[in-house]
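Data block below; observations after.
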Amino acid sequence: MIALLFAVVLLGFSACKKDDDPALAVEYSSVVLSADNTVVTVTFNQGVYRNADQTGNLDASSFELSFTSADTVSATYTAQHTAGESKALITLIYEDEPQTGDKLGVTAKSNTIHGTEGNVLGQDLTETVDVN
């Protein structure tokens with residue numbers, strides 16, 4: 001009887017799958033601004049996609065950029081990314097350039113980025129970098 005109970009308990013443990021573990025949250029690994037302040041390299045902790053079905057490249061609408069500056073800084077930007085890759089490049093074109101000491105906030109927007117495990121970025125994720 002004890003052997004049968006042990007076998008049932010052992011079977012219960014072996015039935016647990018790795019799929020029961022929660023999906024790895026989408027996070028930044030790094031956010032780096034180029035020396036000339038024109039390219040932001042965003043690296044995530046996993047491959048990412050625009051859509052939940054693991055298709056689509058991230059684009060500018062997946063990100064929001066903001067400057068903290070004493071003077072006005074205005075810029076437009078584009079994003080380049082290949083579906084499933086962990087890196088995205090954001091290229092800035094300035095109308096009013098930032099100055100040394102200014103800060104650039106790079107926000108990955110919630111519900112616009114999906115990880116390799118099918119998980120979605122559930123809330124905005126912001127990293128601030130120093131302008132060169």
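Quick notes on this structure:
- Identity of the residue in the stretch 97-123, part of a strand (DSSP E or B) and under 11 Å from the mean Cα position of the chain (by Cα), that ends up nearest to Thr68 (Cα to Cα): Val106
- Conditions (1) under 24 Å from Asp21 (Cβ atoms); (2) in contact with a Gly (Cβ under 8 Å, 6 or more places away or on another chain); number of the one not met by Glu117: (2)
- Filter pass, Ala79 being touching a helix residue (DSSP H, G or I) at 6+ places or on another chain (Cβ under 6 Å) and surrounded by 14 or more Cβ atoms within 10 Å (Cβ to Cβ): yes
- Checking each residue of the stretch 26-38 against the condition of being out of contact with any His (no Cβ under 8 Å at 6 or more places or on another chain), closer than 25 Å to Ser110 by Cα and at pLDDT below 85 gives no match.
- Residues (within 20 Å of Gly122 (Cα to Cα) and touching a Phe, Trp or Tyr at 6+ places or on another chain (Cβ under 7 Å)) located in the stretch 44-84: Phe44, Thr55, Gly56, Ala60, Leu65, Ala83, Gly84
- Checking each residue in the stretch 82-121 for being in contact with an Asp or Glu (Cβ under 9 Å, 6 or more places away or on another chain), exposed (fewer than 14 other Cβ atoms within 10 Å of the Cβ) and acidic (Asp, Glu) picks out only Asp96.
- One residue alone among Ser61, Ser66 is surrounded by fewer than 13 Cβ atoms within 10 Å (Cβ to Cβ), among the polar types (S, T, N, Q), farther than 20 Å from Ala23 by Cβ and at pLDDT 95 or above, and that residue is Ser61.
The values are calculated or read from the model by the stated rules, or taken from the named source; none is laboratory data. Computed from a prediction, not measured in an experiment: that's the story for all the values here. As a convention, Cβ positions derive from the backbone with ideal geometry for all residues, glycine included, and neighbour counts pool all protein chains shown.
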